Structures are given as C-alpha cells and as structure tokens.
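*Asks:* Can you read through this structure? Questions will come right after.
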Amino acid sequence: MRPQKIDDASLIEGLMSVLQAKGFEGASLNDLAKATGLQKASLYHRFPGGKNEIAVMVLEFVYNWIKDNIYLVLTAKDAAPATKLQRAIQHIKELYQNGEKSCILNALSLDSGLVALGGGISKAMLLWIEAFTALGVEQGFTAAQAKAKAKQSLVLVQGSLVLSKGLNDPTYFHKALTDLKTLFTKE
C-alpha cells in the first residue's frame with residue numbers, strides 16, 4: 001500500500017489537535033497517526049524521533065505562529081495600537097477555534113520529561129510577553145506597567161482556555177479576549 005500524502009498544514013493541525021486534547025504523555029502514536037490520516041509507518045518515516053520529535057515540531061510551529069500572528073502584528077508600525085490588538089485577538093480566536101481548543105502551551109508543559117519542550121515553551125511565552133509589552137509601551141504605559149500587562153495577557157488567554165475546556169464553556173475565553181482589550185486601553 002502506498003503511503004498517504006498530507007500537506008504540512010494538515011499534518012500540524014492533526015498532531016496539535018491530539019496534543020491539545022491528550023497532552024504529550026496521553027497521546028499515543030496511534031492517536032497521532034489517526035489524526036493525520038497517515039499510517040504509523042508513514043508517521044515514523046516523517047518523524048524518526050517519534051513522539052518527542054513530533055512534540056518539538058509542534059512547539060516550533062507554536063513559536064512561529066506567535067511570532068507571525070502576535071509579535072509581528074503587535075510590533076508593526078503600519079497601524080494604530082487598537083487595530084493591531086484587534087488583529088492579534090482575531091488570530092488568537094482562530095488558533096483556539098473560538099475557545100473550543102485547549103491551550104497547546106499548557107498541554108505541552110505537562111510533565112513530559114522532555115527538557116527541550118521546557119525551553120521552547122519559555123521561549124514562546126517570552127515572545128508573547130515581548131509583543132504585548134511593546135503594545136503597552138506604544139499605548140503610553142511605562143515599560144514596567146506594559147510588561148506586567150503583557151504577563152497578565154498570557155494569564156488571561158491561556159487561563160481562560162483551561163477554564164473553558166475544564167468547564168466546557170467557551171464564554172470564559174470570550175470574556176478574556178474582551179478583558180484583553182480593556183487591559184491595554186489607556187484611560
């Protein structure tokens with residue numbers, strides 16, 4: 001039987017979906033193969049390092065997603081801060097399917113024993129904080145205030161995803177995105 005072909009975007013989406021739902025430890029190679037539509041042998045062919053390599057690749061995707069959809073959006077010089085914030089919020093909604101998906105950073109941070117993930121998770125979170133800090137400074141907050149707000153933005157979004165999933169109610173996510181707008185509004 002010929003191996004199935006799958007584009008990189010669909011591959012990442014399937015792998016990330018399983019890791020979001022089950023975490024690193026809970027995700028089996030069977031689950032990962034099924035979510036991508038690949039045979040286990042094809043999955044091993046693409047990822048000879050197995051689940052560890054898959055998790056690292058998904059985390060790299062998340063980092064690049066934050067860079068492209070949060071950092072570059074919030075640090076762009078071509079739009080007003082409110083417009084940039086609205087764009088970033090829209091991207092967050094899309095990534096987490098309007099609050100229906102779990103926080104991928106949380107799912108990957110569960111005790112997996114993979115040192116590589118810890119450094120990558122920190123790197124992704126720090127980039128998020130840097131982006132929102134830049135937005136806060138542009139809005140007229142001091143650097144310290146902006147950084148505190150940036151950290152709070154991460155808590156708001158990621159924490160709301162945990163609540164939304166745990167309580168099966170995405171309104172926590174929606175409220176967090178509204179609160180995010182308020183957090184960066186200078187009165």
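*Asks:* So, in the stretch 67-81, how many residues would count as being surrounded by 13 or more Cβ atoms within 10 Å (Cβ to Cβ), out of contact with any Lys or Arg (no Cβ under 7 Å at 6 or more places or on another chain) and either farther than 16 Å from residue 137 by Cβ or not β-branched (Val, Ile, Thr) (or both)?
*Replies:* Number satisfying all stated conditions: 6.
Per-residue answers, yes or no, for (1) charged (D, E, K, R); (2) outside any helix (DSSP H, G or I):
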site: 5; (1), (2): yes, yes
site: 10; (1), (2): no, no
site: 18; (1), (2): no, no
site: 34; (1), (2): yes, no
site: 41; (1), (2): no, no
site: 44; (1), (2): no, no
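*Asks:* Follow-up. When the stretch 172-187 is examined, which residues are found to be assigned to a helix (DSSP H, G or I) and touching a residue at least 40 places away in the same chain (Cβ under 8 Å)?
*Replies:* 172, 173, 174, 177, 180, 181
*Asks:* Additional query: Looking at the structure I just gave you, is residue 50 closer than 25 Å to residue 161 by Cα, out of contact with any Asp or Glu (no Cβ under 7 Å at 6 or more places or on another chain) and small (Gly, Ala, Ser)?
*Replies:* Judged against the criteria, residue 50 is not a match.
*Asks:* If residue 161 satisfies every condition in (1) among the aliphatic types (A, V, I, L, M); (2) closer than 20 Å to residue 22 by Cβ; (3) surrounded by fewer than 19 Cβ atoms within 10 Å (Cβ to Cβ) but one, which is the exception?
*Replies:* Residue 161 satisfies every listed condition except (3).
*Asks:* Which is crowded, with 16+ Cβ neighbours inside 10 Å, closer than 30 Å to residue 27 by Cβ, small (Gly, Ala, Ser) and modelled with pLDDT of 90 or more, of 107, 146, 131?
*Replies:* The match here is 131.
*Asks:* Give me a count of the residues in the stretch 49-94 that are more than 27 Å from residue 186 (Cα to Cα) and either touching a residue at least 24 places away in the same chain (Cβ under 8 Å) or assigned to a loop (DSSP other than H, G, I, E, B) (or both).
*Replies:* Total meeting the criteria: 14.
*Asks:* OK, next. Might you check whether a residue that is within 20 Å of residue 83 (Cβ to Cβ), surrounded by fewer than 21 Cβ atoms within 10 Å (Cβ to Cβ) and hydroxyl-bearing (Ser, Thr, Tyr) occurs anywhere in the stretch 171-182?
*Replies:* The answer is yes; a qualifying residue exists.
*Asks:* Given the conditions (1) within 26 Å of residue 182 (Cβ to Cβ); (2) out of contact with any Phe, Trp or Tyr (no Cβ under 8 Å at 6 or more places or on another chain), which single one is not true for residue 71?
*Replies:* The number of the failed condition is (2).
*Asks:* Anything in the stretch 24-52 that is closer than 18 Å to residue 105 by Cβ, surrounded by fewer than 18 Cβ atoms within 10 Å (Cβ to Cβ) and not charged (D, E, K, R)? List them, or say none.
*Replies:* 26, 52
*Asks:* Then there's this: Condition first: over 27 Å from residue 52 (Cβ atoms) and charged (D, E, K, R). Can you find one or more residues in the stretch 102-124 that meet it?
*Replies:* no
*Asks:* OK, next. Against the condition under 27 Å from residue 55 (Cβ atoms), of a type outside the set (Gly, Ala, Ser), part of a helix (DSSP H, G or I) and in contact with a Ser or Thr (Cβ under 8 Å, 6 or more places away or on another chain), how does residue 165 come out, does it pass?
*Replies:* Against the criterion (under 27 Å from residue 55 (Cβ atoms), of a type outside the set (Gly, Ala, Ser), part of a helix (DSSP H, G or I) and in contact with a Ser or Thr (Cβ under 8 Å, 6 or more places away or on another chain)), residue 165 qualifies.
*Asks:* Also: Would you check if there is a residue in the stretch 25-39 being among the β-branched types (Val, Ile, Thr), in contact with a Gly (Cβ under 8 Å, 6 or more places away or on another chain) and within 28 Å of residue 168 (Cα to Cα)?
*Replies:* Yes: the stretch 25-39 contains one or more residues that are among the β-branched types (Val, Ile, Thr), in contact with a Gly (Cβ under 8 Å, 6 or more places away or on another chain) and within 28 Å of residue 168 (Cα to Cα).
The values are calculated or read from the model by the stated rules, or taken from the named source; none is laboratory data. Small disclaimer: the values here were computed from a predicted structure and weren't measured. Reconstructed Cβ throughout: ideal geometry from the backbone, glycine too, with neighbour counts over all protein chains shown.
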